[in-house]
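For reference, the structure is listed below as structure tokens.
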Amino acid sequence: MKISLRALFKFDYLLLGAVFLLIVMGLVSIYSVGLSDIESKMIFFDKQLLFVITGLILLLTFSFIDYRFLKSYYKIFLIVSFLLLTSVLIFGAFIRGTSSWFSIFGFQFQPVEFAKIGLIIFLAAYLSNKAKEFYNWKPILISALVSFSIIALVMLQPDLGSAIILFVIWFIMLLFTNINKKKIIIIFIILAILISAGWFVFLKGYQKDRVITFLNPKKDPLGVGYNLSQSIIAVGSGGVTGRGFGLGSQSQLNFLPEQRTDFVFAVISEEFGFLGSFFTILIIIIFLLKILNITRKSNDNFAVFLALGFLIMFFTQSLMNIAMNVGLAPVIGLPLPFVSYGGSSMWMSLLAVGILESIVIHRAEYG
């Protein structure tokens, strides 16, 4: 494990700048939502500010440390992920219909956010070692067994959104090995069978209702479809320039649910309009392109798979959250990285950025 203070001069500051702007957009939106009830709601802004500060410490720590140490300790990350996901099913707080959080001194920690990082580190280590062996089924089955064990624990909470993210991470990373088309087709067939079975076995009633409501929002506009309807109204009412800071009727009058978390993009769209939402998406695209650039320039297979895993995670989660806000996807409870309120997501997202910066720094040092 090598720590170098020279890392400060080798940071990818455009990547950090994009992250900083997204964090600011999130803080502004959370502060705006709190204006309707300053005494009780501003506590969320204060907490988010604390999450950002502590998250930046994680970012700097993992930036200075050589990312290669993760390859030696990937089993620890994996074991901790399993332990946390198992423990939360037994001891976790039951919030909004799921047992996904540990509640400690008024703060909630969501283990699945750590599990996303743990799965990416495992897959990066395993695939970089076995990438050329995917002409046979053994490495495919081993990677699938580990990945689907984590996904199963997440589905038991139940947390459909995070389970989808974990699955997409595994599947797309798998495609970057030397796996052949025939095996991909077989996997698709197996997945189609599992998904069909999952509809009847794993999905809870309210999750099925969300999918059905997405396909037909008018079916239950005041019940299951309420969140989706209010989000679409908020996004549409912003117009080109928005209603103005703190002037969004949907968010300020609490018509829009989960304004700080799942639907923070709708708050941005309502108060800052098309220009605000376009700016947010543009920054996300720049952020993703910088990660893609890190992936392409890395000459270490472990670094390539690490960066690829984070690219998939951030891209899929951002896409699904924004699609959910504008009515193009069912409401499945996913935060917008760096923007939505929440310590677990903020900490793990900034930790991931720290690992990406470490890849940039040590690529420059060692070639």
### Query
So what is the relative contact order of region 5-366, in percent, for Cα pairs below 8 Å that sit 6 or more residues apart?
28 percent
### Message
Within 13 Å, Cβ to Cβ, of PHE302, how many net charges do the neighbouring residues add up to if Lys/Arg are +1 and Asp/Glu are -1?
### Response
+2
#### Entry: Whole-Å distance, taken between Cα centres, linking region 276-298 and region 116-168
25 Å
### Task
First select every other residue whose beta carbon is under 11 angstrom from the beta carbon of SER249; then total the charges, Lys and Arg +1, Asp and Glu -1.
-1
### Query
Can you flag which of LYS10/LYS132; LYS10/LYS181; LYS132/LYS297; LYS10/LYS130; LYS75/LYS182; LYS130/LYS182 are past 29 Å Cα-Cα?
LYS10/LYS132; LYS10/LYS181; LYS10/LYS130; LYS75/LYS182
#### Entry: Burial ranking of peptide ranges 16-27, 341-352, 238-249, 181-192 (average Cβ count within 10 Å, highest at the top)
341-352, 16-27, 238-249, 181-192
### Message
Show me the chymotrypsin sites (Phe, Trp or Tyr not before Pro) within region 94-180 that DSSP assigns to loop and that have at most 10 other Cβ atoms within 10 Å of their Cβ.
### Response
PHE105
#### Entry: Cβ-based net charge around MET313, under 13 Å, with every Lys or Arg adding one and every Asp or Glu removing one
0
### Message
Sort 259-270, 302-313 by packing, meaning the average of other beta carbons within 10 Å per residue, with the highest value first.
### Response
259-270, 302-313
### Message
Once R0 is set to 30 Å, what does the formula 1/(1 + (r/R0)^6) return for the Cβ-Cβ distance between ILE43 and ALA152, expressed as a FRET efficiency to the nearest 0.05?
### Response
0.25
### Summary
The answer for ALA93, listing residues at least 5 apart or on another chain whose modeled amide H is closer than 5 Å to its amide H, is TRP101, PHE102, SER103
### Query
Along the Cα-to-C-beta direction of ASN299, a point sits 7 Å from the Cα; which residues of region 324-367 have their amide N less than 16 Å from that point?
359-367
### Query
Based on the Cα gyration tensor of region 5-366, what are the three equivalent ellipsoid semi-axes, each the root of five times an eigenvalue, rounded to whole Å and given largest first?
32, 26, 19
## Note on the structure
If amide H atoms are modeled at 1.01 Å from N in the peptide plane, then the residues at a separation of 5 or more from PHE134, or on another chain, having amide H under 5 Å from its own are ASN178
### Task
Apply the Karplus parameterisation 6.51 cos²θ - 1.76 cosθ + 1.60, with θ equal to phi minus 60°, to every residue of region 259-271 and state each ³J(HN,Hα) to the nearest whole Hz, in sequence, with x for glycine and proline.
4, 8, 10, 4, 10, 5, 5, 5, 5, 4, 5, 6, 7
### Query
Where does region 291-340 land on Rg(C-alpha)/(2.2 N^0.38 Å)?
1.39
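Every number here is computed from the coordinates shown, using simple stated rules; none is lab data. Remember, it's a predicted structure, so these values are computed and weren't measured experimentally. A quick note on method: Cβ atoms are made from the backbone with ideal geometry, for glycine too, and the neighbour counts reach across all protein chains shown.
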